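See structure below.
The values are calculated or read from the model by the stated rules, or taken from the named source; none is laboratory data. Remember, it's a predicted structure, so these values are computed and weren't measured experimentally. Methodologically, a virtual Cβ is constructed for each residue, glycine included, from the backbone with ideal geometry; neighbour enumeration extends over all protein chains shown. Calculation scope for accessible area: heavy atoms of the full protein, side chains included, ligands and nucleic acids excluded. Shrake-Rupley method; radii C 1.70, N 1.55, O 1.52, S 1.80 Å.
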Amino acid sequence: MKVEINVNGTATTADVEPRTLLVHYLRDNLGLKATNIGCDTTSCGACTVLLDGESVKSCTVLAAQADGLSVTTMEGLSDDGTLSHPVTAAFRQEHGLQCGFCTPGMVMAAVSLIEENPDLTEADVRSGLEGNLCRCTGYHNIVRAVLVAAGKDPDA
Amino acid sequence: MSILGTRVHRVEDPAFLTKGGTYTDDLTDERLAGALHLTLVRSPIAHATITSIDTSAAKQAPGVVAVLTAADCDLEPVLVFDRANKKMVRPYLATDRVRFVGEPVAAVLTEHPYQGEDAAELVDVDYDPLPAVVDVEAALNGEVLLFPEAGTNVATAKGSADPGAGFFADCEVVVTKQILNQRVAPAPLETRAAAAAWDDGRYTVFCSNQNAQGTRDDLAERLGVDVADVHVILPDVGGGFGAKIGADPEYVLVAWLARRLGRPVRWSESRSENMTGLVHGRAQHQTITIGGDRDGTVKAYQLKIVGEAGAYPAFGAALPNLTGMMARGTYDIARKHSSYVSVVTNTTPTGAYRGAGRPEATQAIERAMDLFARAIGMDPADVRRKNFIAPEQFPYEITDEISYDTGEYAKALDLALRSAGYEQLRAEQARRRERGDTKLLGIGLSSYVEITAGGGASENGSVEVHPDGTVTVLTGSSPHGQGHATAWAMLAHEQLGIPMEKITVRHGDTDQIPEGAGTMGSRSLQTGGIAVHKAAGELVELAKQRAADLLEADVADLVVDKDVAAITVAGVPSARKITFAELAAQEQLRVHTEWDAGKATFPFGAHVAVVEVDAETGKAAVQRIWAVDDAGPVLNPLLFDGQRHGGIAQGIAQAMLEEVTYDEDGQPLAASFADYGIPSAAELPSFDLVGMETPTDANPLGYKGIGEAGTIGSCPAVQNAVIDAVAHLGVDHIDMPLTPVRVWTAIQQAAGGAK
């Protein structure tokens, strides 16, 4: 079947099997490999992207379900390869990543979380990121990064 | 001003935060063009004989290029851990018998991965089930053998379980307890992946791994080719935690298939495959016995271990030996005895996982110290202080060959207790108990020492300055999240003055870097880092020799002007400056060097955990944890603390949440992320890190390793805290993970209620 999906501001289209997952469409059809696959039970969030501005786990969305919609991946946060987005800048500033595998999903979940609630507390961040697993950082610096990106003082 | 010891942001991050890392499954390398996709058919049964395999339907499925079984495979079965029972060899695809759920049985190769999943369903394997050996008692009694030809289920063993008559004879108090250091899953966020091509008589293998060179050597041996005929390349690696060391059977199979089929082959496992296919960690059943006097003096300690090797002995069969070596912890105990037996069971093989042998030692001795303190009615902090190895006792011999290098164990504990406000916490605990509060406070301590670079303290490094002023550093270390590119660049910058952004660190390509021991056992900075430090220093000396003639000066009078990355004459501001780049333009300016400390180092520390336990539901939550982790001077506090955070989280996770269990038939009960308790941000607190730096004499910068310390320290502190919360109710031990049902049950049992 044919799908038309606006990805990071660019119109894309392809003929795909109806069962094609959105994450595979992004990775295999478009070559956008930032979005990772970390599990097969919608548990880890490594594949988190924005679908019409809402965070979704792209391993649990069919490409067909995204037909006619717009998708933002981490690649879409920066036009020029710099950390111009406050979330990615804060992740570096606060050392919110180590191996980097959960990072694209974590960043997109954070973007969505801040969008929904600009007045975040540490507890809000922790519960808001419950669907995104990281094995390296113990979340300590991820939480700090999200607070910094939201304009909060992580030491407060 | 020195860059060493300063908070430098990672040079790795811009790529990770824009286009993302390039992991094995992301590769678009032209050598992999036209690759087939491997899907493995894995055993759904723990123990069975295979009576037939019918691949005919699968071979007819769309996109299928080949379906292969053991009958097609000429690879020799491998003894993964070479000191295990020689009969316990592992085939790459199961031959006549399967020994664990998840064991590969058939290989399906397709043009597209979805086709592989479809076709794998069509491979018809007839299994004739055998009784499964799941618990270690059944393994030890040997009624059912995994390898009948071995005549035993014992993979490795050492020492008598009897410490001898009189071992505890002079002790006023002796306490013994059976405890479980449960089986856990390493669960790196990136599952395993490999991609291989065979071209012109040579294998090129990309894989997710912690040591390119060791894996190349394993692959060559197992594929039966020369080391020169294998080229291993490690792309970005999404976490390892010890579980991605060496050539896993699947990696060997991917390479072999590429040659057999004449096309590149790619494989990336699902999480569900990973949870049974990747090694598990820990899995030690321990009996601890501690004896001493009522004044708090511990006189004798015995640790008896039954380790689970899983179905095919891998590195997990070696780890109880390390646990035994580290059994005494931070204490000067007159008599220490350890022994172990490691057995095969119909479960996933065990291997290294963050800490690998040392967390098991620390958990045991730290539980023992609390049990002893309880038995004699003394504060657990006081018992520890009474028995610490004193600073003047270093180097402190633990075996004929190995000694703890440096340590300040009492200072670390006191610092942790002071930071936590121990007295106030005890007072708050007492208040809650007195008023019958159902929200009980628990305070847990741990003191730990661990061994880093224990598997060998040598590494190589190269530093080359190019005519354009850029620098290339080559290292035999192998980062997978630790930040070596930043750390090694800092070490080179420190001596050369060349800006960080002009320094590129390369690793993990066996053609570029033929030798290297990789990243494991918290070894990198004190081995690979020191090798880079040494190479940069030697490069400065080489540059001075070359500059001496040009500057018409004595070498001894030359210095580096770091502001301009040049050699000049000391104390003569007007002297000419010759940059490293200028020297490189005249003649290649490169140093390759080896560093060998000749010994391991022993980081140490103390953690204090505070938990709240709901006495009515048994639910425990970690509220705070204070961590003193002393690994010598800190190169980059950003990276150092990052390692501690991750380590602490994994220790808390084991104490509170994680466990791989099996039913009596050997079916895994936590084989996906939906079932396995890997913690999210919501289950963890922020961590309170406290600094302390005691250098080692093993290397010129005094560095020890920090990768595993957090895990080793936090896990016993948290377990002790939860037990402490309910200790007044009569509970003296609860096995991990400390789930609500376990804590609640322990409370009820202590009250004489539920069984």
Exercise for the section: Just need the relative contact order of chain B here, percent rounded to a whole number, with Cα pairs under 8 Å and 6+ apart. Expected result: 15 percent
Exercise for the section: Distance between Cα centroids, region A:3-43 to region B:254-286: provide it in whole Å. Expected result: 25 Å
Handout entry: Whether region B:34-130 is rounded, prolate or oblate, judged on the alpha carbon gyration tensor where a/c under 1.5 counts as rounded
Key = prolate
Problem - √(5λ) per eigenvalue of the Cα gyration tensor, chain B, largest first, Å - result: 42, 39, 22
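Where does the charge balance sit around residue B:396 when Lys and Arg score +1, Asp and Glu -1, over other residues with C-beta under 9 Å from its C-beta?
On the way: positive: none; negative: B:332, B:397, B:405.
Neighbour charge sum, excluding residue B:396 itself: -3.
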Practice task
Would you mind counting up the charge near residue B:263? Only other residues with Cβ under 13 Å from its Cβ, with Lys and Arg at +1 and Asp and Glu at -1.
Solution key: +2
Problem - For region B:676-690 and region B:302-328, distance of Cα centres in Å - result: 28 Å
Practice task
Consider all pairwise Cα distances in region B:458-596 and report the whole-number % of them above 27 Å.
Solution key: 21 percent
Fill in the blank from the handout: By the mean-Cβ-within-10 Å protection proxy, highest first, B:379-389, B:166-176, B:543-553 rank as B:379-389, B:543-553, B:166-176
Completion exercise
From most to least accessible, 1.4 Å probe, no ligand or DNA/RNA atoms counted, B:437, B:54, B:675 line up as B:675, B:54, B:437
Exercise for the section: Report in % the part of the accessible area of the protein assembly as shown that belongs to carbon and sulfur, leaving out ligands and nucleic acids; probe 1.4 Å. Expected result: 48 percent
Handout entry: For A:30-40, mean number of other protein chain Cβ atoms within 10 Å
Key = 6
Fill in the blank from the handout: Per residue of A:87-96, other chain Cβ atoms within 10 Å number on average 4
Exercise for the section: Just the number, please: percent antiparallel of the DSSP beta bridges in the protein assembly as shown, rounded to the nearest 5. Expected result: 80 percent
Exercise for the section: Using just the alpha carbons, could you tell me how many Å³ per residue the convex hull of the protein assembly as shown encloses? Expected result: 177 Å³
Practice task
Sort A:44-54, B:218-228, B:491-501 for me by packing, meaning the mean count of neighbouring Cβ atoms within 10 Å per residue, highest on top.
Solution key: A:44-54, B:491-501, B:218-228
Practice task
Given the peptides B:637-649, A:79-91, A:4-16, B:391-403, arrange them by the average over their residues of other C-beta atoms within 10 Å, most packed first.
Solution key: B:637-649, A:79-91, A:4-16, B:391-403
Exercise for the section: Take the alpha carbon atoms of region B:192-328, find their radius of gyration, then divide it by 2.2 N^0.38 Å using N residues; give the quotient. Expected result: 1.43
Fill in the blank from the handout: If each K or R counts +1 and each D or E counts -1, the residues other than residue B:480 whose Cβ falls under 10 Å of its Cβ total -1
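Average partner chain C-beta neighbours within 10 Å, per residue of B:186-199?
Shielding by partners across B:186-199 averages 3.
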Handout entry: Spatial separation of Cα centroids for region B:72-133 and region B:184-223, in angstrom
Key = 18 Å
Practice task
Kindly give the semi-axes, whole Å and largest first, of the ellipsoid equivalent to region A:2-75, taking each as the square root of 5 times a Cα gyration tensor eigenvalue.
Solution key: 17, 13, 11
